[in-house]
Every structure is written in C-alpha cells, then in structure tokens.
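In what follows, a single structure is set out as structure tokens and then discussed.
The values are calculated or read from the model by the stated rules, or taken from the named source; none is laboratory data. Predicted model, so just to flag it, every value in this text is computed and none were measured. Quick reminder, even Gly has a Cβ in these numbers, built from the backbone with ideal geometry, and neighbours come from all protein chains shown.
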Amino acid sequence: MNTVLITGAAGNIGSALAVHLASSGKYNVIAIDNLCTGDVSKLGDYKSLSIEFIKADANCLSTMTSIILSRPIDYIFHYAAMVGVQRTLDNPIGVLDDIDGIKNILNIAKNTGVRKVIFSSSSEVYGEPVSLPQNEEITPLNSKLPYAVVKNVGECFLKSFHKEYGLNYNIFRFFNTYGPNQSIDFVIPKLLHQALNNAPITIFGDGEQSRTFCFIDDNIDASISIFENENFNNTIFNIGNDIVYTINELVKVIIKVTNSTSEIIHLPALDEGDMTRRCPDISKMKAVLQRDLIPLEEGIRRMLKAIKR
C-alpha cells in the first residue's frame with residue numbers, strides 16, 4: 001500500500017484530502033500540521049481511519065527530514081501555507097517563510113524515493129486578470145502580493161526540480177474552495193455565521209467584486225483523479241468552478257438558504273488583496289471530473305447541514 005504524506009492536513013482542503021485518501025483503503029496517510037490555523041478536529045475520527053497525525057512545522061528542515069526518513073513515503077501533498085487575505089497581508093515576512101517549506105520538501109523528496117510532489121498553488125498567482133477566463137497556459141501570472149509571489153516561486157521550484165532531478169509533480173491552482181471545515185475568517189463561512197445569527201452582514205467595498213466558488217467535494221474528486229493518473233504528471237490544473245457571482249449575489253444566496261433577517265452593511269474596500277474579477281478556465285478539470293459540479297446553493301445547503309450536526 002502506498003504511503004501519502006500531507007502537509008497542512010488540518011486545514012479545509014488538506015483534511016478533506018486526508019480523510020478521502022484514507023477512506024479509500026488504498027493509502028496509508030500521514031497528516032502533518034503545525035495547528036497555527038488548522039484544527040485536528042477537522043480530521044474527524046482520524047485514528048479509526050488509521051491516519052497518523054503529527055504536529056509539526058513543514059518549514060522546519062530538521063523536523064521534516066526526521067519524519068520522512070523514518071519511513072518510506074511514496075507521495076507528498078504539500079498543502080501547508082499561511083492563508084487568508086488579511087492574515088497574509090498582516091504577516092508578509094511569515095508568508096515568505098513558506099518558501100523554506102517548499103524547498104525543504106523538494107530537497108528531501110528528491111533523495112528519498114518520493115515518486116511525486118503535489119503542490120497547492122492559488123488563483124492569486126494570476127493577480128488582477130487582463131482577460132477571463134484565466135487559463136493555465138496563456139494567462140500571465142502578474143500578482144505582486146507576497147502570498148502570490150510565494151506560490152509562483154513554488155511552482156518554479158517544482159518545475160526546476162523535475163528538470164534537474166526528474167522529480168514528478170502536479171500543481172493545483174485553487175480558486176475559492178469552500179466547505180464545512182473552512183475557517184470562519186473566509187468569505188462564505190463568515191457570511192454564513194453572520195446570517196445564521198441574524199447579525200449584520202458585512203461586505204468590503206461595493207460588493208461587485210466577482211468570484212467563483214468551488215465546493216470541497218469537487219476539489220477533492222478532481223485533485224485525486226489527476227494525482228492518480230500518471231498521464232497528468234508534471235502538469236498544472238486550475239481547480240475551481242466557472243460560474244461567476246458577485247459578492248452581492250453570494251449574499252443573496254446565503255440569505256435565501258438561511259432565511260436570515262440580517263441587514264447588509266458595506267465597509268470600506270480593502271487597500272489591497274481584493275481582486276475585482278476572478279474566473280478560471282476549468283476545461284481541463286471538467287474533462288477529468290466527468291460530472292457536473294455542485295451548484296453554489298447546493299454547496300451552501302450542505303455546509304449548513306454540517307454546521308447543524
């Protein structure tokens with residue numbers, strides 16, 4: 001049975017990935033997280049799934065070397081990162097520290113028989129789009145924010161390690177993946193929390209910023225299908241949804257689903273980091289997934305059921 005190591009495994013996407021891979025019965029899963037923003041509860045009853053959880057910092061070379069050298073690792077999903085617009089803006093040096101984690105993982109992997117490293121990049125690498133939809137091959141990567149620069153540098157490292165050492169990779173550019181385990185400081189959980197409590201719903205700026213929202217199941221199903229198919233080795237995939245909503249439209253959906261009586265309050269726009277438009281070209285992802293994506297309203301209803309449980 002292959003062994004998979006996942007960094008950032010107590011986060012929204014990492015935890016869902018760990019549980020899905022372990023539940024398949026095809027993988028031994030080692031889950032790594034420093035728990036700065038993650039929570040081990042997101043892994044559920046991980047011991048019953050035989051997930052081995054280790055509290056560790058992926059940016060620490062000695063720690064990761066010790067973990068990986070202590071057992072054979074076949075695949076590494078490097079999902080650990082500082083995330084969240086405001087958090088990354090407030091901690092620009094901390095964001096840059098994540099470059100060390102990327103280098104650490106790749107340097108260890110190339111010497112220990114790891115067959116492939118899968119990297120969580122981001123839609124942020126595109127910056128403010130010059131055209132839509134944002135295509136993996138032709139859209140320029142023009143963001144200057146530290147978080148996006150780190151993701152872009154990470155992508156370059158993976159490509160360079162493949163060229164120099166033959167280390168295989170997948171790069172996933174995630175676009176706004178939401179789900180029951182997402183932290184409350186992200187847009188959909190925050191708005192849901194406000195709506196459920198009939199508290200004022202706060203929107204930065206005029207709310208006409210456009211986004212797409214990908215439910216966690218679509219992200220995980222597509223990512224695993226790509227990871228397991230060797231024909232997709234050394235490729236980049238946008239992982240998201242291509243149905244566009246303004247933030248104002250998103251709020252209307254949430255109010256409808258929750259039957260909320262919340263009033264809507266517009267706050268001053270963020271000084272930086274809040275792109276006006278975003279929409280991925282997901283034709284490659286759709287070809288892999290081979291099913292319809294989960295609509296926004298259905299995804300939010302699923303989140304609501306999970307919250308009530």
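Given the structure, is I255 under 24 Å from I307 (Cβ atoms), part of a strand (DSSP E or B) and over 25 Å from the mean Cα position of the chain (by Cα)? Step through it out loud before you land on a result.
Values: under 24 Å from I307 (Cβ atoms): yes; part of a strand (DSSP E or B): no; over 25 Å from the mean Cα position of the chain (by Cα): yes.
So I255 fails the test.
Restricting attention to the stretch 240-264 and to residues that are among the small types (G, A, S) and under 20 Å from R302 (Cβ atoms), the residue that is surrounded by the most Cβ atoms within 10 Å (Cβ to Cβ) turns out to be G240.
Looking at I226, I216, which one is under 26 Å from L304 (Cα atoms), touching a residue at least 24 places away in the same chain (Cβ under 8 Å) and not basic (K, R)?
Details: I226 fails: under 26 Å from L304 (Cα atoms).
It is I216.
Residues of the stretch 258-278 that are modelled with pLDDT of 95 or more and in a loop (DSSP other than H, G, I, E, B): N259, S260, T261, S262, E263. None of N12, N28 is in the same structural domain as Y169 (by TED's automatic domain parsing), at pLDDT 95 or above and more than 22 Å from L167 (Cα to Cα) except N12.
Restricting I171, I184 to residues that are surrounded by 16 or more Cβ atoms within 10 Å (Cβ to Cβ) and outside any helix (DSSP H, G or I) narrows the list to I171. Any residue at all in the stretch 203-210 that's closer than 25 Å to V253 by Cα, within 21 Å of the chain's Cα centre (by Cα) and part of a helix (DSSP H, G or I)? No, the stretch 203-210 has no match at all.
Does K55 qualify as being of a type in the set (K, R) and modelled with pLDDT under 95? Step through it out loud before you land on a result.
Details: of a type in the set (K, R): yes; modelled with pLDDT under 95: no.
Against the criterion (of a type in the set (K, R) and modelled with pLDDT under 95), K55 does not qualify.
So that you can scan it fast, the table gives a plain yes or no per residue for (1) out of contact with any strand residue (DSSP E or B) (no Cβ under 8 Å at 6 or more places or on another chain); (2) touching a residue at least 40 places away in the same chain (Cβ under 8 Å); (3) closer than 28 Å to P129 by Cβ:
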position: Y165; (1), (2), (3): yes, yes, no
position: Y169; (1), (2), (3): no, yes, yes
position: F175; (1), (2), (3): no, yes, yes
position: S183; (1), (2), (3): yes, yes, yes
position: Q194; (1), (2), (3): no, yes, no
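Kindly indicate whether I300 is in the same structural domain as F161 (by TED's automatic domain parsing), buried (at least 19 other Cβ atoms within 10 Å of the Cβ) and not in a loop (DSSP other than H, G, I, E, B). Here the answer is no, as I300 does not meet what is asked.
Tell me whether the stretch 31-42 contains one or more residues that are over 30 Å from F204 (Cα atoms), touching a His at 6+ places or on another chain (Cβ under 7 Å) and β-branched (V, I, T). No, that holds for no residue.
The set of residues in the stretch 31-51 that are buried (at least 21 other Cβ atoms within 10 Å of the Cβ), at pLDDT below 95 and over 16 Å from the mean Cα position of the chain (by Cα) contains only Y46.
Scanning the stretch 221-239 for residues that are assigned to a helix (DSSP H, G or I), surrounded by fewer than 19 Cβ atoms within 10 Å (Cβ to Cβ) and among the polar types (S, T, N, Q) yields a count of 2.
Pick from I226, I265, I247, I188: which is in the same structural domain as V19 (by TED's automatic domain parsing) and of a type in the set (A, V, I, L, M, F, W, C)? Break it down into steps so the answer makes sense when it comes.
Numbers: I265 fails: in the same structural domain as V19 (by TED's automatic domain parsing); I247 fails: in the same structural domain as V19 (by TED's automatic domain parsing); I188 fails: in the same structural domain as V19 (by TED's automatic domain parsing).
Only one candidate qualifies: I226.
Counting only residues that are assigned to a helix (DSSP H, G or I) and closer than 21 Å to A109 by Cβ, the stretch 1-21 holds 5 of them. Exactly one residue among D242, D218 is out of contact with any Lys or Arg (no Cβ under 6 Å at 6 or more places or on another chain), closer than 30 Å to N142 by Cβ and in a helix (DSSP H, G or I), and that residue is D218.
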